[in-house]
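Quick notes on the structure that follows.
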Amino acid sequence: MTLDDFQQTFWHDLWAAAPREALLPAFAVYRNTVRTACVEALLSLYPAVRRLTGEAWLQAAALDHVQAVLPASGALHRYGEGFPEWLAEALPAHTLPWLPAVAALDRAWHQSHVAADAPVLGIADVAACEASRLQRTRLVPHPAARWHWCADWPAFSLWQAARRPEADAADPNPPHWHGEGALLTRPAGAVLAVGLDAGECALLQACAAGDALPQALDAALQADAALDVGAALARLLAQGAFTTALEIDP
């Protein structure tokens, strides 16, 4: 048996509904250890949620999540990727309705932080393309680019206030309770975050779906008819949202 085979077998037996009786005492210890590690991982991966709800609240929620969603492997830095969706289902109606969106931004920050390195497509790169070529070009989002649109709540403002250091903490209650979007990128080693509107999020989503630039700009305008698509595209490029421009075969 290889080491990989042993690890896979052990992990399966650890969470089996009815492990061999002789293994029960040892497995109980391992299970409790892993559950504790899962809770600690969630506390670490969702700092804005912890700040806004309090550590005791998030510990209790994290324990409930661990009971419901077992880790798929021992790589706990990836555990909790579905925590925002789990929160959306687990929270009682009208209780902290904005919290899943804040959790999604915490998850997006971590994903951006650990994403692969790649070149950053700049404004000059796109400006150098001929207009006829741009009609057949699609912009590929950078591996570290993550975006999120929350139509009902100011999730980005809440998240941004909660991520500030304790000494610099401002009142996390936004002055205006309306929908917000966010873009997280890592153009130079550190994760950056900016607010987005619905049109900019739609533009990124269309690019991620493989649409050519004209169709992506149309999608942005459908989401926000008043959007200045040129300025929006320039802002996304300046933020490091794209890695390359691929020409689509006619």
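The values are calculated or read from the model by the stated rules, or taken from the named source; none is laboratory data. Computed from a predicted model, the values in this text were never measured in an experiment. Here the Cβ is made from the backbone with ideal geometry for all residues, glycine too, and neighbour counts use every protein chain on show.
List, please: which pairs have Cβ atoms under 8 Å, are six or more places apart or on different chains, and start with a residue in segment 41-63 that is touching a residue at least 24 places away in the same chain (Cβ under 8 Å) and within 12 Å of Ala103 (Cβ to Cβ) and end with one that is of a type in the set (S, T, N, Q) and in a helix (DSSP H, G or I)?
Within 8 Å, the pairs are Ala61/Thr53.
Please work out which one of (1) modelled with pLDDT of 85 or more; (2) assigned to a helix (DSSP H, G or I); (3) in contact with a Leu (Cβ under 8 Å, 6 or more places away or on another chain) is the condition Tyr30 fails and give its number.
(1)
Collect the residues in segment 181-234 that are under 25 Å from Leu158 (Cα atoms) and of a type in the set (Asp, Glu), keeping them in residue-number order.
Asp197, Glu200, Asp224
Suppose the filter is among the hydrophobic types (A, V, I, L, M, F, W, C) and either assigned to a strand (DSSP E or B) or within 23 Å of Arg133 (Cβ to Cβ) (or both); does Leu227 pass it?
no
Just wondering, is there one or more residues in segment 135-147 that are outside any loop (DSSP other than H, G, I, E, B), touching a helix residue (DSSP H, G or I) at 6+ places or on another chain (Cβ under 9 Å) and over 15 Å from Leu246 (Cβ atoms)?
Looking for residues that are outside any loop (DSSP other than H, G, I, E, B), touching a helix residue (DSSP H, G or I) at 6+ places or on another chain (Cβ under 9 Å) and over 15 Å from Leu246 (Cβ atoms), one finds at least one in segment 135-147, hence yes.
Of everything in segment 64-79 that's without any contact (Cβ under 8 Å) to a residue 24 or more places away in the chain and surrounded by 13 or more Cβ atoms within 10 Å (Cβ to Cβ), which residue is farthest from Leu96 (Cα to Cα)?
Arg78
Just to be sure before I move on: is Trp159 part of a loop (DSSP other than H, G, I, E, B) and in the same structural domain as Glu247 (by TED's automatic domain parsing) in the structure I sent?
No: the conditions fail for Trp159.
Condition test on Asp152, is it charged (D, E, K, R) and in contact (Cβ under 8 Å) with a residue 40 or more places away in the chain?
It is true that Asp152 is charged (D, E, K, R) and in contact (Cβ under 8 Å) with a residue 40 or more places away in the chain.
What are the residues in segment 104-119 that are more than 8 Å from the chain's Cα centre (by Cα) and either surrounded by 21 or more Cβ atoms within 10 Å (Cβ to Cβ) or not β-branched (Val, Ile, Thr) (or both), if any?
Correct list: His113, Ala115, Ala116, Asp117, Ala118, Pro119.
Within segment 112-153, which residues are under 30 Å from Pro174 (Cα atoms), at pLDDT below 95 and of a type outside the set (A, V, I, L, M, F, W, C)?
The one that is under 30 Å from Pro174 (Cα atoms), at pLDDT below 95 and of a type outside the set (A, V, I, L, M, F, W, C): Asp152.
Give the residues of segment 193-250 that are surrounded by fewer than 15 Cβ atoms within 10 Å (Cβ to Cβ), at pLDDT 95 or above and within 15 Å of Leu121 (Cα to Cα), sorted by residue number.
Hits for segment 193-250 are Ala234, Ala238.
For segment 33-51, which positions are of a type outside the set (S, T, N, Q), within 18 Å of the chain's Cα centre (by Cα) and part of a helix (DSSP H, G or I)?
Across segment 33-51, the qualifying residues are Ala41, Leu42, Leu43, Leu45, Pro47, Ala48, Val49, Arg50, Arg51.
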